[in-house]
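Everything below concerns the one structure shown next.
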Amino acid sequence: MNNLSANTDLYDKEISSRLVDAAKSSLPIEITEHYHDLLCWIDSVLDSNLRFARPVSEFTMQRIHGYYPQGFLSASRAIICKQCPAVPLTQFGLRDDALPSPSDAAGFTLRDMYFVTHESVDDESTHFHELIHVVQWHILGDECFFHLYASGLLSAGYRLSPLEEIAYDLQSRFDSDDAEFDVIMEVRRRLANLRVQ
């Protein structure tokens, strides 16, 4: 499986370069040195689950198609699972409790593919949230996404980390408002204005 970076039409080199440099400078070396190990883990998880993946466009959802382009939904894939994969956080220099337990997670995104539990497969809000992470990953690429996510976990915790804050905020907007908006444009705008602490 190829790394997700400049080979996508959503990738934004300017945003990615600025944020990856800032995120890397805020992280201890013990975390940044595990970047390639994480890529290997991601490749392994995606390769072993690829046969179960379905294009998101094949799921019957009433509203989500108005927020994302059809081509994006066709290229993004979802895997229905009993439990989301458990990230071996300590192998990548992070605390074991940095992310919610896989048994508590309704969804989990890796590049352009996300896992959604049997209990949440019919919940459009969960799909919407995970697709925001797919957009983020496309815009930022592997290296920036990893370092920015790790930096956010360390500085603010899971729920208030910048990438999760964007996803939860837009998910809340989706849940409470019927007015459609261009999610890709909004995520790009928020990433362009993001400042790493």
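Quick note: the coordinates plus some simple rules give every number you see, no bench work behind them. Predicted model only: the values in this text are computed from it and were never measured. Using ideal geometry, Cβ is built from the backbone for each residue, glycine included, and neighbour counts are taken over all protein chains shown.
Descriptive notes on the structure:
- Long-range Cα-Cα pairs in the chain (distance over 31 Å), rounded percent: 11
- Working from the Cα coordinates of region 21-109, the gyration tensor eigenvalues give, after taking √(5λ), semi-axes of 29, 16, 14 Å in decreasing order.
- Modelled label reach - Met185, point 7 Å along Cα→Cβ, region 123-162 residues with backbone N closer than 18 Å: 132, 135-136, 139
- Taken about its Cα centre, the chain carries a charge dipole of roughly 280 debye when the Cβ of each Lys and Arg holds +1 and the Cβ of each Asp and Glu holds -1.
- Calculated [θ] (222 nm, deg cm²/dmol) that DSSP helices of n ≥ 4 give over the chain, each run adding -39,500 (n - 2.57): -16000 deg cm²/dmol
- Sorted on the mean count of surrounding Cβ atoms within 10 Å across their residues, most packed first, peptides 17-29, 89-101 read 17-29, 89-101.
- Trp41, Trp137 arranged by Cβ crowding within 10 Å, fewest neighbours leading: Trp41, Trp137
- Listed by Cβ neighbour count within 10 Å, with the fewest neighbours leading, Tyr158, Tyr68, Tyr35 appear as Tyr158, Tyr35, Tyr68.
- FRET efficiency estimate (nearest 0.05) - Cβ-Cβ, Glu14 to Asp169, R0 22 angstrom: 0.45
- Among His133, His65, His36: highest mean-square fluctuation, GNM of the chain, C-alpha pairs under 10 Å: His36
- Computed Rg/Rh of region 111-159, alpha carbon atoms with Kirkwood Rh: 1.03
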